[in-house]
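Please read the structure below before turning to the comments.
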Amino acid sequence: MKSSAVHRLRLVSGPEGLSFLLLLVCSVLKRTTSFNAVPVMGMVHGVLFILYVVFLVLAAQQQRWPAKRSALLFVLSVLPTGGFFAERILAKEERGEAAVPATA
C-alpha cells in the first residue's frame, strides 16, 4: 500500500539513523581529540529525529497502525542502527509485502 506519509517516514528514517551514528562518532572524537562537531551534528540529528517522529505520527494515523507497530518504529528510532531497520520495514510495506511475518 503506497502512502505519502509512509514514504516520507521511510525517506527520513535512513538519514536519521546515519545522523545518530555520526553524532556518536563526533562525541567520541570530541573526547579524544580537539575536533568538536557535536554542536552541528547534534542539530542535524535533532531536526531529523523530530521529522521522523512527526512523520511517524502522521503515518500511524493515516494507516491506522496498532500502537504496538508505532511503538516498534519509535523504539527503532532511538537505537543507533534502528533507522536502517525501520527503513527496511517501511520499504516492505510500500511494496505491499507483509511487514511483520505471521507467527505460528
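Worth a mention:
- Label zone at Leu24, where the point sits 7 Å out along the Cα-to-Cβ direction: segment 71-90 residues whose backbone N lies under 15 Å: 76-86
- For segment 17-104, the alpha carbon positions stretch 52, 27, 21 Å along the principal axes, listed from largest to smallest.
- Simple Cβ-charge dipole of the chain, Lys/Arg +1 and Asp/Glu -1, about Cα centre, in debye nearest 20: 100
- Qualifying GluC sites (Glu not before Pro) for segment 21-98 [loop in DSSP, other Cβ within 10 Å: at most 14]: Glu97
- Efficiency of FRET from Cβ geometry, Phe35 and Val75, R₀ 22 Å, rounded to 0.05: 0.10
- As a fraction of the 1.4 Å probe accessible area of segment 23-104, surface on carbon and sulfur atoms comes out at 70 percent.
The values are calculated or read from the model by the stated rules, or taken from the named source; none is laboratory data. Source: prediction; values computed, not measured. Cβ: placed from backbone, ideal geometry, glycine included. Neighbour counts: every protein chain shown. Heads up: the accessible areas ignore ligands, DNA and RNA and are worked out on the full protein's heavy atoms, side chains in. Shrake-Rupley method; radii C 1.70, N 1.55, O 1.52, S 1.80 Å.
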